[in-house]
Structures are given as C-alpha cells and as structure tokens.
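Read the figures in this text as sums done on the coordinates, not as results from a lab. None of these values were measured; they are calculated from a predicted model. With ideal geometry, Cβ positions are generated from the backbone for all residues, glycine too; neighbour counts draw on all protein chains shown.
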Amino acid sequence: MQSLRGSIRLVRRQCSNNVDLKSNGSHFATATAKFHGSSIGFSNARFLGSLSKFTRIGSQAAMATPSNNGIPSVSVSSRSSRPGLLHLAAVLPPFTSRCITTVENTVESASQDSSASIPDVTPRIKFKRLDKTAKHIMQILDKEAVEEVRENREIPDIKPGYIVQLKVEVPENKRRVSVLKGIVIARRNAGLNTTFRLRRLVAGVGVESLFPLYSPNIKEIKVLDKKKVRRAKLYYLRDKMNALKKQ
Amino acid sequence: MIQPQTHLNVADNSGARQLMCIRIIGASNRRYAHIGDVIVAVIKEAIPNTPLKKSEVIRAVIVRTCKELKRDNGMILRYDDNAAVVIDQEGNPKGTRIFGAIARELRQLNFTKIVSLAPEVL
C-alpha cells in the first residue's frame with residue numbers, strides 16, 4: 001500500500017515537473033510524448049512492480065504504448081490483477097489522465113502564447129503603459145532628435161584613429177572657413193551630444209578641438225584615412241606628436 | 001589657468017623667449033588667468049641684442065593655454081602649450097609678428113592688432 005501511495009505521489013510529482021518543464025522549450029510535441037511515456041511507464045512499472053508478486057503481466061504491455069496515454073494498458077493489466085487492487089488501479093489512471101490533460105493544456109497554451117508574440121512587430125516607441133514609457137521618455141526624445149539630424153545630413157561613422165576633414169562654418173564670418181583636417185583621438189557617445197576630439201597641427205602648435213557630432217555648424221565630414229589603433233582614446237599622442245616639447 | 005609662477009612661451013618677435021607670470025590684472029585676488037587676460041610677467045629668457053632684457057617686468061596677454069577654452073556652440077579648444085604676447089600699456093603688441101594660432105575670442109576683447117597679425121585664427 002505504501003509503495004502504491006508512493007507511486008501515486010511520484011506520478012503527481014512527475015506531472016508537476018512536466019508542467020514546469022513545459023513552460024519553456026520548443027519541442028513540445030515530441031517532448032510531451034517522451035515524458036508521457038516515461039512517466040506513465042515508470043509509474044506503471046512501479047505500480048506493476050509492486051504487483052509483480054501477484055501478476056506476471058510485465059511492464060512490456062505498458063511500455064509498448066509509450067505515445068498513447070496509459071489508460072487502456074493499465075486497465076488491461078489491472079483486469080488480470082487482483083480484484084482487490086482494481087479500484088486503486090481505476091483511481092490511478094484518472095490521476096495520470098488529469099496530469100496528462102493539464103500538461104497538454106499548458107503545452108497548448110504556452111505554444112499559443114509564443115506563436116502570438118513572435119509575429120507582433122514591436123514598434124520603436126511602446127505605448128503599452130504610459131508610466132513605463134515615461135521612464136525612458138528622454139531616451140525616446142534623444143533618439144528622435146538624432147534621427148532627425150541624420151535624415152538631413154549624411155554623417156559618416158567616426159572612430160578614433162580616423163583622419164577626417166571637416167568643413168566648419170563660423171557664425172561670425174558667415175564664410176565657409178576652416179577646412180579642418182586632423183586625427184580623431186576620442187569619441188564620446190551621448191545621444192545627441194555625441195562629441196569627438198580632433199587633433200591637428202596649426203602653424204606649428206598642436207591644437208585639440210572638441211566638436212559635437214550633430215552640430216549644425218559642421219557642414220561636411222569626410223573620412224580620409226583610417227589608422228589602426230588599439231585604443232578608444234588616443235591621448236598618448238599628446239606626448240608623441242608634440243611639436244613644442246623640449247627634447 | 002595661468003597663475004603666478006607659471007612659465008609661458010612668447011608668441012611674437014618682441015625679443016623675449018620665456019615669461020613668468022607675477023600677477024593677474026583685473027579683479028583683486030583673482031586666482032587664474034585664461035585666454036584674453038592681461039598679466040604682469042617678468043622676462044626669464046630673452047634673445048640677445050633686442051630691446052627687451054632678462055628680468056624686466058612687462059605686461060602680456062595670454063593667447064594660448066593648455067586649459068580648454070569653451071565656446072557657446074559646444075566647441076572646445078585646447079592648445080599644447082601656454083603662450084602670451086608682450087603688450088604695452090594700451091594693449092598694442094610690442095612685436096611685429098605673431099607666431100602660432102590665435103583664438104577668435106581676442107577680437108572681442110579689443111586685441112584686433114594681434115588678431116590681424118596672426119597667421120591662423122581659430
């Protein structure tokens with residue numbers, strides 16, 4: 001009796017484990033069959049193992065039908081078992097059947113959920129919950145501003161080590177002054193305030209300028225050359241490319 | 001950020017080579033001088049056979065600093081050295097040539113002669 005109760009508990013536990021396992025994973029159909037067969041077969045084996053003294057119907061009958069639910073096999077075997085345990089045998093399948101149905105239900109529901117969420121193309125701005133949108137509203141505004149600037153002007157990718165040529169408009173003179181040419185030594189990403197540092201030699205003096213990447217004063221950026229660097233910030237060039245340093 | 005005891009290069013051909021800042025002209029107890037500020041300096045090193053001699057106290061205007069100069073449009077300018085131009089009491093440069101790049105801010109501060117002599121105005 002204790003062993004039978006233990007087997008029932010084992011079936012319950014196994015069914016609950018199966019339910020937990022089904023919540024993730026992708027191969028539902030094959031996995032369920034395997035689990036069904038294994039759990040029911042196992043429980044049936046235990047159940048039958050406890051009755052093995054009484055009957056000689058081996059677990060072969062139960063194991064032979066792994067894909068189906070074990071109800072017909074159990075009933076077949078129980079018919080030949082002792083009648084005293086018949087009611088218990090009748091009790092056992094309902095447990096397993098309940099387990100089977102719940103597992104299948106969760107399986108079906110889980111598959112439905114996943115299939116429903118996949119084809120839903122997430123828009124860039126989610127207005128699912130307004131308070132959640134408010135948390136990153138600044139980020140959304142920033143991205144929008146960057147997109148707006150990028151649509152109007154073509155801004156190439158600038159990384160440290162690039163030799164670039166800028167055309168910067170000076171607001172005082174209103175002329176297309178300063179074709180600046182230099183090496184990018186640093187780049188700081190901050191959305192719309194992304195800046196980059198340019199180092200160049202002007203009239204014998206080293207000059208570093210920091211420009212906002214999306215500044216309207218920068219009319220054109222052209223990448224001339226790309227140097228191989230192993231660093232994101234090339235501040236060591238201040239010592240290396242210094243014309244005024246005392247030797 | 002030039003303060004007393006700071007050595008500065010000279011960016012013109014007035015005859016001095018190196019200056020040492022003594023005092024910042026402007027408000028009393030002013031800590032640091034930036035581009036466009038006038039300082040009182042002593043000549044530490046001079047070219048021979050020029051009117052300016054060593055250990056002479058003169059006035060100079062700062063034209064280049066290693067400390068960044070911020071502009072309103074988000075641009076930041078940073079030179080590799082500290083340099084000054086020797087001027088007289090009115091604000092006219094003593095030399096006749098300017099070497100190196102000059103920032104545009106000096107024009108607003110009425111140093112137009114220096115800006116016009118500069119080879120490159122940034």
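Go through region B:70-109 and report how many residues are more than 9 Å from chain A (Cβ to nearest Cβ), closer than 25 Å to A:Glu169 by Cβ and among the polar types (S, T, N, Q).
Result for region B:70-109: 1.
Just checking, how many residues over region A:186-195 are within 18 Å of A:Arg238 (Cβ to Cβ) and away from every other protein chain (no Cβ under 11 Å)?
3
Looking at region B:21-38 only, could you name the residues that are under 19 Å from B:Phe99 (Cα atoms) and part of a strand (DSSP E or B)?
B:Val38
Kindly evaluate A:Val164 against the criterion of being aliphatic (A, V, I, L, M) and buried (at least 17 other Cβ atoms within 10 Å of the Cβ).
yes
Restricting to region B:91-122, name every residue that is basic (Lys, Arg), free of Cβ contacts under 8 Å to residues at least 24 places away in the same chain and farther than 15 Å from B:Arg64 by Cβ.
The answer is B:Arg107, B:Lys113.
Of everything in region A:202-219, what is more than 7 Å from chain B (Cβ to nearest Cβ) and either in contact with a helix residue (DSSP H, G or I) (Cβ under 7 Å, 6 or more places away or on another chain) or of a type in the set (Val, Ile, Thr) (or both)? Give them in sequence order.
Correct list: A:Tyr214, A:Ile218.
Could you please let me know if B:Asp88 is farther than 30 Å from A:Tyr214 by Cα and surrounded by fewer than 21 Cβ atoms within 10 Å (Cβ to Cβ)?
Yes.
Looking at A:Thr195, A:Thr133, which is the one that is under 22 Å from B:Leu122 (Cα atoms) and hydroxyl-bearing (Ser, Thr, Tyr)?
A:Thr195
Exactly one condition in (1) of a type in the set (Lys, Arg); (2) surrounded by fewer than 18 Cβ atoms within 10 Å (Cβ to Cβ); (3) in contact (Cβ under 8 Å) with a residue 12 or more places away in the chain is not met by A:Arg197; state its number.
If we test A:Arg197 against (1) of a type in the set (Lys, Arg); (2) surrounded by fewer than 18 Cβ atoms within 10 Å (Cβ to Cβ); (3) in contact (Cβ under 8 Å) with a residue 12 or more places away in the chain, just (2) comes out false.
Before we move on, is A:Arg231 of a type in the set (D, E, K, R) and outside any loop (DSSP other than H, G, I, E, B)?
Judged against the criteria, A:Arg231 is not a match.
Just for region A:234-244: of the residues that are in a loop (DSSP other than H, G, I, E, B) and free of Cβ contacts under 8 Å to residues at least 40 places away in the same chain, which one is nearest to the other protein chains (Cβ to nearest Cβ)?
It comes out as A:Asn242.
Filter the strands (runs of 3 or more DSSP E) completely within region A:153-203 down to those with at least 2 residues that are of a type in the set (D, E, K, R).
A:179-188, A:195-202
Only one of these conditions is not met by B:Val61: (1) farther than 25 Å from A:Leu210 by Cα; (2) more than 14 Å from chain A (Cβ to nearest Cβ). Which number is it?
Here B:Val61 meets the rest and fails (1).
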